[in-house]
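The values are calculated or read from the model by the stated rules, or taken from the named source; none is laboratory data. As the structure is a computational prediction, the values presented were derived from the model and not from experiment. Because the Cβ atoms are built from the backbone with ideal geometry, glycine has one as well, and the counts that use them run over all protein chains shown. Protein only, heavy atoms only, side chains kept; ligands, DNA and RNA dropped before computing areas. Shrake-Rupley method; radii C 1.70, N 1.55, O 1.52, S 1.80 Å.
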Amino acid sequence: QYEPTWGSLDARPLPAWFDEAKFGVFIHWGVFSVPSFGSEWFWWYWQKEKREPYVKFMETNYPPGFSYGDFGPLFTAEFFDPNQWADILKASGAKYVVLTSKHHEGFTLWGSKYSWNWNAVDVGPKRDLVAELATSVRNRTDLHFGLYHSLFEWFNPLFLEDATNVFKTRKFPTSKSLPELYEIVTKYQPEIIWSDGNGNAPDTYWNSTGFLAWLYNESPVRDTVVTNDRWGAGSICTHGGFYTCSDRYNPGHLLPHKWENCMTIDKKSWGYRRDAQLDDYLTVKDLVKQLVETVSCGGNLLMNIGPTHDGRIAVIFEERLRQMGAWLKVNGEAIYGTKPWRAQNDTVTPNVWYTFSPKEGKVNAIFLNWPVSGTLELGEPQAKLGETQVKLTGYEKLLKWVALRETGIIVALPQLTPEQLPCQWGWTLQLTDIN
């Protein structure tokens, strides 16, 4: 039994599946997908900060007096096919998915009884989007299903009242935020609760430890659920399950605690943007590099896409997801279920990252640039003559190598045409019987 204290909750071991999974897909979808301009923070930038591009966009394209609430009925999801989404997610090679059940705008993608007339069943699609995606993911894939949930809501009058009272009153969490959390866990049994948006209020205001104690002790997902670290001001990178520390967090070195790099394919936004240019999207080479660096240093990569208001995964996102899946089909053994090795990246050749496969006892050296010379020098591995074997993943024959000084080897790569290469964007050398 876990006590509702950080001391007790932080001692809970992270369910093993999460570290083994390594790669997940984040989906930011909501009413902000209707204007699909600038950022998923559209409402805040337009109404609160009154940023010029947002104000101008509204003045030019919408009638006077048009409110953010008026976007609700326009969030229609008519092309949303959860089976198709599930198939794309499966093809990406991801092992889990996290859907925004509710962002800071307060609109819930399920028919929450605590979000009257501001949810996807009452307004817009008139569908329970959370239930539909959960069902399809579970029926058609082996991905773990997770839900993002924002603790606070920018313009909720109850939250604003509590904030005015310096969070001495707790009207908002007791009537809205906490009941929603219990509702999604009981109803959809997500295996990840990805909390966000503390509104600068402490975890005591949110009663985060009380909720987490229930989640770990009594909830239907108590044995498998994982949580992140965003449970109130000051808890990030300190308390909870895995650490996120900040958006797009990629430290480049080993951390003592399990962590996740949540990042976006669109460099500028989590939600869909109609005004995005091709150059705003990371290439698959960029994404493979992020995955490899993250996993080498003990993290998971949570890669975000933003669907359209009508429920489509834009073709560029689908392409990136399928490309990642194609890469993982060849190199998955160097990613899934691996542990960090004693060295994370190579000391001699840049852009070489290491992982360790404990079951097979293999060291994986993932190199992101194919050397012009046809030979790859690795400074870290200590090879044993007559014992160490070097293999290029996806290529049949063993590779020749020579040892250098005390540590390090030079590997002769096979001479292959682009068509003969096992994959693009990065390659794996499997080294067995290494000191």
Q | Which listed residue is within 14 Å of the chain's Cα centre (by Cα), modelled with pLDDT of 95 or more and among the polar types (S, T, N, Q), from T238, T308, T244 | A | T244
Q) Looking at Y182, is it surrounded by fewer than 21 Cβ atoms within 10 Å (Cβ to Cβ) and in a helix (DSSP H, G or I)? A) yes
**Q.** Odd one out for N198, checked against (1) polar (S, T, N, Q); (2) part of a loop (DSSP other than H, G, I, E, B); (3) open to solvent by 60 Å² or more (accessible area, probe 1.4 Å)
**A.** (3)
Q. What number of residues within segment 22-48 satisfy the criterion of being assigned to a helix (DSSP H, G or I) and hydrophobic (A, V, I, L, M, F, W, C)?
A. 6
Q | Residues that are of a type in the set (G, A, S), farther than 16 Å from V315 by Cα and surrounded by 22 or more Cβ atoms within 10 Å (Cβ to Cβ), drawn from segment 239-281 | A | G240, G241, S269
Q: Could you list, in sequence order, all residues of segment 362-417 that are free of Cβ contacts under 8 Å to residues at least 24 places away in the same chain, part of a strand (DSSP E or B) and aliphatic (A, V, I, L, M)?
A: L398, V402, A403
Q. Among the candidates P220, P190, which residue alone is open to solvent by 20 Å² or more (accessible area, probe 1.4 Å) and farther than 23 Å from V166 by Cα?
A. P220
Q: Output the qualifying pairs, or none if there are none: Cβ atoms under 6 angstrom, residues six or more apart or on different chains, first residue in segment 418-430 and in contact (Cβ under 8 Å) with a residue 40 or more places away in the chain, second residue of a type in the set (F, W, Y).
A: P422/Y395; C423/W327; W425/W327; W427/F367
Q. How about segment 132-179: which of its residues are without any contact (Cβ under 8 Å) to a residue 40 or more places away in the chain, surrounded by fewer than 19 Cβ atoms within 10 Å (Cβ to Cβ) and either aliphatic (A, V, I, L, M) or assigned to a helix (DSSP H, G or I) (or both)?
A. R138, P157, L158, L160, E161, A163, T164, V166, K171, T174
Q: Restricting attention to segment 78-125, report how many residues are open to solvent by 20 Å² or more (accessible area, probe 1.4 Å) and either without any contact (Cβ under 8 Å) to a residue 12 or more places away in the chain or polar (S, T, N, Q) (or both).
A: 6
Q.
Out of P63, P4, P13, I need the residue that is at pLDDT 95 or above and more than 24 Å from I236 (Cβ to Cβ). Which one?
A. P63
